[in-house]
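Computed from the coordinates by the stated procedures, all read-outs in this text should not be read as laboratory data. Quick caveat, the model's predicted, so the values are computed rather than measured. Please note: Cβ atoms are built from the backbone with ideal geometry, for glycine as well, and neighbour counts cover all protein chains shown.
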């Protein structure tokens, strides 16, 4: 599913990847584009005007995984997110929770939503975001979430960086 398939989760690496995003060039215009690994085609990033979305970690596929084994995989992914959130809270203060409920419903209804949220929906990143910003070292906004596009797909820990505020959409 992503270029992170098969990598073990490491909090320090995930946080380091986020720190790189704080200084990376962000598109100043143009269409939103999803990128894939040139060899495997697996998702590596989505970039759009003022933002970048990318995977930090991917679990094993959950094909044929049910019951307690599936619950354990979900708990492990949630714990990985919690470890990253805890580290970023220590660096930047408490995060804010941004729900993906309204963007998801608007997307399903075909309604217009801001391009960052549309891009998240387009790559099946429907997990609520833990958001910090603007982060003092770069004046950018950072968000992280854990996502799964369907019951057999792997869990994916995702990072978002934006040069614009990431704020909750209202109904």
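Details
- With bins 10 Å wide beginning at 0, the percent of Cα pairs of segment 88-171 falling in each bin runs 18, 49, 28, 5.
- From largest to smallest, the equivalent ellipsoid semi-axes obtained for segment 1-99 from the alpha-carbon gyration tensor read 25, 21, 12 Å.
- For segment 124-171 versus segment 48-95, the gap between their alpha-carbon centres in whole angstrom: 11 Å
- Based on Cα atoms of segment 103-150, Rg over Rh with Rh as the Kirkwood radius reads 1.04.
- Relative contact order (%) - the chain, alpha-carbon pairs under 8 angstrom, separation at least six: 26 percent
- Projecting label points 7 angstrom from Cα along Cα→Cβ for residue 167 and residue 10 puts them 3.9 nm apart.
- Computed from the alpha carbon positions, the gyration tensor of segment 52-118 leads to an equivalent ellipsoid with semi-axes of 25, 22, 11 Å, biggest first.
- With q set to 0.12, 0.15, 0.17, 0.20 Å⁻¹, the log10 of I(q)/I(0) for segment 18-76, from the Debye formula over equal scatterers at the Cα positions, is -0.47, -0.65, -0.74, -0.85.
- Over the chain: helical MRE at 222 nm, DSSP H runs n ≥ 4 each giving -39500 (n - 2.57), nearest 500: -10500 deg cm²/dmol
- By the Cα gyration tensor, segment 19-171 has an equivalent ellipsoid whose semi-axes, rounded to whole angstrom, run 24, 19, 16 from largest to smallest.
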